[in-house]
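Encoded as structure tokens, the structure appears first; notes follow it.
Read the figures in this text as sums done on the coordinates, not as results from a lab. What you see is a predicted model; the values in this text were computed from it and never measured. Cβ sites come from the backbone with ideal geometry, for glycine too, and all protein chains shown count toward neighbours.
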Amino acid sequence: MPAFQQRQAVNVPFSQSSQISTIVGCAESLKPNSVLDVGVGMGQYGFLLRTNLEHFGLYEVKGAEARQTPREHWRVRIDGIEGYAGYLTPVHQWAYNAIRIGDALQLLPGIADSEYEMVIAIDILEHFEKADGIAFLRQCRRVASRMVLVSTPKAFCEQHVEANPFEDHRSVWTQAELAHEGYSRVLPNGDSWIVAWEAGRAPDGTDSAT
């Protein structure tokens, strides 16, 4: 394989595959009517959430006839934020209702409080310096009404992508740091912290109403 291809094979906008079923399963259990995917990359979570949350609603079957349900009749709103427009493909056009292009830290403040029932940020947090990462986690909580689901590697992996600095790795996070920001529910995974902030839950994971 040419050297250019070897480098590109490492620095692509995909998350590690072992966490996919956990993340999609969590969303299926929540059954949100609206989702914001921050850092959509190649759109794999938008596609999976569209098919798994919309499910039978994607098709209309009447006897021997079947057709795709028109987009305006879809039940679930799935929007995204992406810093690098070069990643966008026809997958995004189909799976997402809308995608904002730009820096998430600049775009999130323009979104209303509790605008989305669920916010996901999969393998995004490690691309921020710590101070910006904390601000990012708080903005995600602000725009979510029910849950924010975040994943980030447990170990630091050096990564620098000249063509897209948004892909550079700048931080690594501990479970304690994430819990301090309210992300106290931990979902099982060997390679990544998959953590959730849930409305009505105290930072220690207990019901805040008790």
For an R0 of 30 angstrom, estimate the FRET efficiency from the Cβ-Cβ distance between Arg142 and Leu187 and round to the nearest 0.05.
-> 0.85
To the nearest 20 debye, the stretch 81-154 has a Cα-centred charge dipole, built from +1 on Lys and Arg Cβ and -1 on Asp and Glu Cβ, of 200
Order by protection proxy (mean Cβ within 10 Å, highest first), peptides 59-65, 30-36 | 30-36, 59-65
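Would you calculate the convex hull of the Cα atoms in the stretch 1-145 and tell me its volume per residue in Å³? If you can, show how the numbers build up before the last one.
Details: hull volume 21.2 nm³, N = 145.
Taking the convex hull of the Cα positions in the stretch 1-145, it is 147 Å³ per residue.
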Alpha-carbon centroid distance for the pair the stretch 34-50 / the stretch 70-109, whole angstrom = 8
Using the Karplus equation 6.51 cos²θ - 1.76 cosθ + 1.60 (θ = phi - 60°), what ³J(HN,Hα) coupling, rounded to whole Hz, does each residue of the stretch 99-111 give in order, writing x for Gly and Pro?
-> 10, 8, 9, x, 6, 4, 5, 8, 8, 4, x, x, 9
For the pair Glu65 and Val172, the simple spin-label estimate (label points 7 Å beyond Cα toward Cβ) gives in nm 6.0
Scan around Lys154 for amide H atoms under 5 Å from its own, H built in the peptide plane at 1.01 Å from N, and keep only partners 5 or more places away or cross-chain.
-> Ser192, Trp193
